[in-house]
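> Structure in structure tokens, see below.
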Amino acid sequence: MPGYADGFLLAVRRGKLPAYRAMARKAARIWKDHGALEYRECAGDDLAVKGVAHFPPAVKARKGETVVLAWILYRSRAHRDRVNARVMKDPRIAAMCGMKDVPFDMKRMFYGGFRVIVEA
């Protein structure tokens, strides 16, 4: 049973979703190669739910942008730390970090580590 998740929330221009998806597929391969149990990236579809706070304002989504919700699962926080240490040394990540045209604004990305408290 996975016990830890890294979570991400960010805004992506709809026109850049194909480029973002390509980048995310490469990242997924890298994280899985280094031991992550699961890697998911989801593009917003039904985000204007009445009566509750919703995601677009959280990431200051602009006209023409959607929200991406992503997570990576690990066995534990210690496992996450080991996987991420290996990922950060991987030359494939270094090449991605040097991209001139990153398809999202990192200043509006939210990230955090979470203990899994319910799994069904």
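The values are calculated or read from the model by the stated rules, or taken from the named source; none is laboratory data. As the structure is a computational prediction, the values presented were derived from the model and not from experiment. Cβ coordinates were reconstructed from backbone atoms using ideal geometry, including for glycine residues, and neighbour counts include every protein chain displayed.
> Identify, please: which residue in the range 95-112 is under 17 Å from the mean Cα position of the chain (by Cα) and in a helix (DSSP H, G or I) and is, among those, nearest to V59 (Cα to Cα)?
R108
> Of the numbered conditions (1) within 29 Å of G3 (Cβ to Cβ); (2) in contact with a Lys or Arg (Cβ under 8 Å, 6 or more places away or on another chain); (3) hydroxyl-bearing (S, T, Y), T66 fails exactly one; give the number of that condition.
(1)
Residue-wise test of (1) closer than 27 Å to A94 by Cβ; (2) surrounded by 12 or more Cβ atoms within 10 Å (Cβ to Cβ); (3) hydrophobic (A, V, I, L, M, F, W, C); (4) at pLDDT 95 or above.
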site: G3; (1), (2), (3), (4): no, yes, no, no
site: G7; (1), (2), (3), (4): yes, yes, no, yes
site: E41; (1), (2), (3), (4): yes, yes, no, yes
site: A53; (1), (2), (3), (4): no, no, yes, no
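> Could you grab me the full set of residues in the range 64-94 that are assigned to a loop (DSSP other than H, G, I, E, B), more than 30 Å from A53 (Cα to Cα) and touching a helix residue (DSSP H, G or I) at 6+ places or on another chain (Cβ under 8 Å)?
Selection gives D90 alone.
> Suppose we filter A61, A27 for residues that are within 14 Å of the chain's Cα centre (by Cα) and either surrounded by 15 or more Cβ atoms within 10 Å (Cβ to Cβ) or not in a loop (DSSP other than H, G, I, E, B) (or both); which single one remains? I'd like the intermediate steps shown before the answer.
Numbers: A61 fails: within 14 Å of the chain's Cα centre (by Cα).
Checking each option against the conditions leaves just A27.
> A further question on this structure: If I ask for residues that are in a strand (DSSP E or B) and within 28 Å of R80 (Cα to Cα), which ones from the range 1-18 would you list? Reasoning before the result, please.
Within the range 1-18, the first condition is being in a strand (DSSP E or B), and the residues that meet it are 4-13.
Those that are in a strand (DSSP E or B) and within 28 Å of R80 (Cα to Cα): Y4, A5, D6, G7, F8, L9, L10, A11, V12.
> A follow-up question, please. Hey, can you tell me all the residues within the range 86-120 that are within 19 Å of Y74 (Cβ to Cβ) and aliphatic (A, V, I, L, M)?
Residues satisfying the conditions are V87, M88, I93, V116, I117, V118, A120.
> Looking at the range 8-54, which of its residues are closer than 21 Å to V116 by Cβ and of a type in the set (D, E, K, R)?
Across the range 8-54, the qualifying residues are K32, E38, R40, E41.
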